[in-house]
Amino acid sequence: VLTAPLPQERGGNNSFTHEALTLKYKLDNQFELVFVVGFQKILTLTYVDKLIDDVHKEFRDKYRNEFQQKGALGLLNGTFDFKDDFMRLLRDAEESSKVRAPTVMKTFEQSLKSQKTVKCMIETRGEKPKEKVKNKKNKGSKKEGAEAATAPSKAPAGDKQLSAAGDKEELTKDEILQKNREEFFRRHMKAGEKSRSPKPDAQKEKGKKPRVWDLGNSNAKVLDYSNSATNGSAEACPVEGFDPDMALGDKNREPGRLYDLEYESEEEAEEEKVVQNTSKPSAKKGGLGGMFGMLKGLVGSKSLTREDMDPVLEKMKDHLIAKNVAAEIAVQLCESVAKKLEGKVMGTFTTVTSTVKQALQEALVQILQPQRRVDVLRDVMDAQRHRRPYVVTFCGVNGVGKSTNLAKISFWLIENGFSVLIAACDTFRAGAVEQLRTHTRRLNALHPPESHGGRTMVQLYEKGYGKDAAGIAMEAISYARNQGFDVVLVDTAGRMQDNAPLMTALAKLIAVNAPDLVLFVGEALVGNEAVDQLVKFNKALADHSMAQTPRLIDGIVLTKFDTIDDKVGAAISMTYITSKPIVFVGTGQTYCDLRSLNAKAVVAALMKA
């Protein structure tokens, strides 16, 4: 007997699996009933959904009066004579699910082609071309008529006689083509003569002159780097000017604190607009009409049906898709809300729209607050007690901001007192190592060793390009353990989810080094693509892993959140498809532009009209 609570429906999923047993259930919100059917997991019973629906309808209709009089709780100790009905429904469900015999291919005699005679299938030459010629003649005659109507009145008398003769005698195809061709050339020759006009000043001077920009420097020697003494060597390059205020952004922030994502809700302003709009027509219609207009959308003591909710749910689905929620997930969310509300008795002063909207908001907040919460600082301190570094691996597709947000997370960890070793495992993209080297130099400028008792707070571990990423990560973790670093951040190369060799290499890196946290870095700009990326990344990690229990994605870093305004649907899509939390949110270009997800703020932006 299972003592676990009934799982909440998620996207229309009404099944629960425990070891070798599978349970499917259906809720009746009107009478507070639960219908459960259990069967062995190994069996593939296609009629289970039909059986549970038929039992639900039969049982509810048979005992409807008793439920309305005593309620479901008042009948718990009673007995129900339903065995014969259940066996009958079970036999009907089994009969309906029997495999139908495969359809037999028709013989030639049974086909329509066999009924045709050979004579009707033979095409006589010249029939269709004659029809085409006839049609072309008609078109030609119409064109001639139009040309005659638009011709100038000062046409010569000879032309009029020719046109009159052409009307009487039918022209051949070649004559029509020749006449149209002459007319075409005559018209274009006249247009060419009109357009030609002498332009003596239009001749350009020979020779090419350099372009001079208004705000630029006209001295070309300033831009000449051909005789530079550095010749690209990092040691000889002068140190670039670095403004700490630009890198930090907000000066009034609290060091080391990860602020929540903020969003200013405009619900109050919308409510005022609605009140103003409803008050105007009521004044025109008079007191009685205005009162009925106000109460028109209210439903009193009525159980919700699917027909009542369908128009509202359709608008909600379109609204979610417009806010960048993946289309498939938007449909599943609306289906889940419909099943949750079907049969529920509404209050006296409640509308269907407000009820559906409230249920959808609660479902969205629940999705953005997964059961497992990732607390990075607590896990780092736990790894410190075991005298080992805490390892975080970043993965994702190309150009989503893995290296930039890795630097932001490094800055956040340093401000909380942890030393960081950055492992440059992107050995493919040109400039990837140099990018991390620049971030390391800037982070050391913001937090020099003198401010931390002579301890270097951030360091880069790199082996150049073209090397094995898994081997570099292993060496970096070993180096961090020997040097006493608290956290190792592993940067990997961007890869598309359909690239099998690169996904195999990523699975190898994760399987060999066993990081404490695997973060998927994804853009907030994507819609349906977010679902495809996460599903295929998890599938690739599971397929190409060498362990019995493969390591999958543990959390999400949502980047470029400052570029989407209120189209925050990617956050819903990513957490819904993986049930993993969004650990960090990137909101800008400075090191301080890192936030934690505020579920209520995201849902408020998502539900904004």
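The values are calculated or read from the model by the stated rules, or taken from the named source; none is laboratory data. It should be emphasised that the depicted structure is a prediction, and the values quoted were computed from it without experimental measurement. Glycine gets a Cβ as well: all are built from the backbone with ideal geometry, and neighbour counts include every protein chain shown. All accessible areas refer to the heavy atoms of the entire protein, side chains included, with ligands and DNA or RNA removed. Shrake-Rupley method; radii C 1.70, N 1.55, O 1.52, S 1.80 Å.
Some notes on this structure:
- Residue in segment 388-401 that is in a helix (DSSP H, G or I), of a type outside the set (Lys, Arg) and open to solvent by 50 Å² or more (accessible area, probe 1.4 Å) present: no
- Cβ separations smaller than 7 Å between residues 6+ apart or across chains give the following pairs from segment 512-534 residues that are charged (D, E, K, R) to residues that are open to solvent by 20 Å² or more (accessible area, probe 1.4 Å) and part of a helix (DSSP H, G or I): Asp516/Asp379.
- Looking only at segment 13-34, and only at residues there that are part of a strand (DSSP E or B) and of a type in the set (D, E, K, R), the one that is farthest from Lys344 (Cα to Cα): Lys24
- Residues of segment 549-575 that turn out to be of a type in the set (Ser, Thr, Tyr) and open to solvent by less than 20 Å² (accessible area, probe 1.4 Å), as a count: 3
- For segment 562-584, the condition holds for no residue, the condition being that it is in a loop (DSSP other than H, G, I, E, B) and farther than 20 Å from Val365 by Cα.
- Test: residue in segment 588-601 that is touching a Gly at 6+ places or on another chain (Cβ under 8 Å), buried (at least 20 other Cβ atoms within 10 Å of the Cβ) and small (Gly, Ala, Ser): no
- Among the residues of segment 56-70, those identified as part of a helix (DSSP H, G or I) and of a type outside the set (S, T, N, Q) are His56, Lys57, Glu58, Phe59, Arg60, Asp61, Lys62, Arg64, Glu66, Phe67, Lys70.
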